[in-house]
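Peer 1: Please find one structure pasted underneath; my questions will follow.
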Amino acid sequence: MQLLRCIIPGFILVAPLFGMVGHWTPVQRPSLSAPFLEEWGNFGQGTFSKDALTFSQDSLTIGRLITLGADPKIWSQAQIDDLSRVILLKSHQYKVSPLFVLSLIHVESSFRPDAVSPVGAIGLMQLMPETAEEMIVNLGSEWKGVETLEDPRLNIDLGLRYVTHLKGRFRDPRLVLTAYNRGPEAVRRILRAQKKIPLEYYEKVMQAMDHYQGKASHTRPVSRAWSTLWL
């Protein structure tokens, strides 16, 4: 099993890259509306503090944000705590804002790990099985079937790995998110035809980020890496 090791002064965090965490029950989320301050910043160069105290505080903040839409009768506090640590670790690994990860999950699945879209996308970040299988095989791991995409750790890791791939093809965040939603080839066709890029999905993610940014700021000061260096 591959392991993600995050070494932080004072302790070492080790999280399985492809490990099951048990059954996660569906959660309903409220609808959001509000524009997010669009800033590109230093593309993909988010800087994060690695001291133990900051990591702990950040994890608690993320956990509080998750509980905004997590029914305590459905989601246990232990599951929320685990998910908050996974999101923070993966944000560090892929150099994106934790708020961005929360927003993608919010828009894609409303935090339902077993969500399946009409076209067959699965899990928190709504991955297509063929895309996920290709990434796993390329990593030298064994594809164990679509049910593994309900594992939050695996789904988030592969989702952000796919975002990183799309960043390499489309530097404009509007194109990156549109490609995540519609597929890279669909975006290529739109660009070749010189048509207007549909921004509905991009705007949904921005609205969610604005929401989480505001809620996080009420809890504790949010670092620049959490907001302006979002993708």
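Peer 1: Ile87 is checked against (1) within 24 Å of Ala186 (Cα to Cα); (2) under 14 Å from the mean Cα position of the chain (by Cα) and fails just one. What number does that condition carry?
Peer 2: (1)
Peer 1: Is there a residue in segment 85-108 that is farther than 30 Å from Ala52 by Cβ and of a type outside the set (Gly, Ala, Ser)? Before the answer, list the steps.
Peer 2: Step one: filter segment 85-108 for residues farther than 30 Å from Ala52 by Cβ, giving 107-108.
Of the ones still in play, those that are also of a type outside the set (Gly, Ala, Ser) are 107-108.
Yes, segment 85-108 contains at least one residue that is farther than 30 Å from Ala52 by Cβ and of a type outside the set (Gly, Ala, Ser).
Peer 1: For the condition under 19 Å from the mean Cα position of the chain (by Cα), at pLDDT below 90 and outside any loop (DSSP other than H, G, I, E, B), what is the one hit in Ala179, Ala216, Ala132, Ala208?
Peer 2: Values: Ala179 fails: at pLDDT below 90; Ala132 fails: at pLDDT below 90; Ala208 fails: at pLDDT below 90.
Criteria check complete, one pass: Ala216.
Peer 1: In addition: Starting from residues that are surrounded by 21 or more Cβ atoms within 10 Å (Cβ to Cβ) and of a type in the set (A, V, I, L, M, F, W, C), keep the ones in segment 137-162 and report whichever is farthest from Ser91 (Cα to Cα).
Peer 2: Step by step, filter segment 137-162, then rank; the result is Leu149.
Peer 1: Which number in (1) among the aliphatic types (A, V, I, L, M); (2) over 21 Å from the mean Cα position of the chain (by Cα); (3) under 14 Å from Ile105 (Cα atoms) marks the one condition that Ile190 misses?
Peer 2: Answer for Ile190: the failing condition is (3).
Peer 1: May I ask you to list the residues in segment 74-96 that are small (Gly, Ala, Ser) and part of a loop (DSSP other than H, G, I, E, B)?
Peer 2: Going residue by residue through segment 74-96, those that are small (Gly, Ala, Ser) are 76, 78, 84, 91.
Matches in segment 74-96: Ser76 only.
Peer 1: Select from segment 97-114 the residues that are outside any helix (DSSP H, G or I) and either in contact with a Phe, Trp or Tyr (Cβ under 6 Å, 6 or more places away or on another chain) or surrounded by fewer than 24 Cβ atoms within 10 Å (Cβ to Cβ) (or both) and list them in ascending order.
Peer 2: First, the residues of segment 97-114 that are outside any helix (DSSP H, G or I): 97, 110-114.
Matches in segment 97-114: Ser97, Ser110, Arg112, Pro113, Asp114.
Peer 1: For segment 126-169, give me the residue count where each residue is of a type in the set (A, V, I, L, M) and more than 27 Å from Ile80 (Cα to Cα).
Peer 2: Kept after step one, since they are of a type in the set (A, V, I, L, M), are these residues of segment 126-169: 127-128, 132, 135-137, 139, 146, 149, 154, 156, 158, 160, 163, 166.
When the remaining residues are screened for being more than 27 Å from Ile80 (Cα to Cα), the result is 137, 139, 166.
Count: 3.
Peer 1: Which pairs do you get when a residue that is touching a residue at least 60 places away in the same chain (Cβ under 8 Å) and within 18 Å of Phe100 (Cβ to Cβ), found in segment 185-206, comes within reach of a residue that is surrounded by 10 or more Cβ atoms within 10 Å (Cβ to Cβ) and small (Gly, Ala, Ser), reach meaning Cβ atoms under 7 angstrom, with the pair 6+ apart or on two chains?
Peer 2: Taking only residues 6 or more apart or on different chains, the pairs are Val205/Ser103.
Peer 1: So which of Arg189, Arg153, Arg171, Arg161 is over 30 Å from Thr67 (Cβ atoms) and part of a helix (DSSP H, G or I)? Reasoning before the result, please.
Peer 2: Numbers: Arg153 fails: over 30 Å from Thr67 (Cβ atoms); Arg171 fails: part of a helix (DSSP H, G or I); Arg161 fails: over 30 Å from Thr67 (Cβ atoms).
When all the criteria are applied, what remains is Arg189.
Peer 1: Among the residues of segment 59-98 satisfying the criterion of being closer than 21 Å to Asp210 by Cα and among the charged types (D, E, K, R), which is modelled with the lowest pLDDT?
Peer 2: Among residues in segment 59-98 that are closer than 21 Å to Asp210 by Cα and among the charged types (D, E, K, R), the one modelled with the lowest pLDDT is Lys95.
The values are calculated or read from the model by the stated rules, or taken from the named source; none is laboratory data. All of these numbers come straight from a predicted model, not from anything done at the bench. Heads up, the Cβs are rebuilt from the backbone with ideal geometry, glycines too, and the neighbour counts pull from every protein chain shown.
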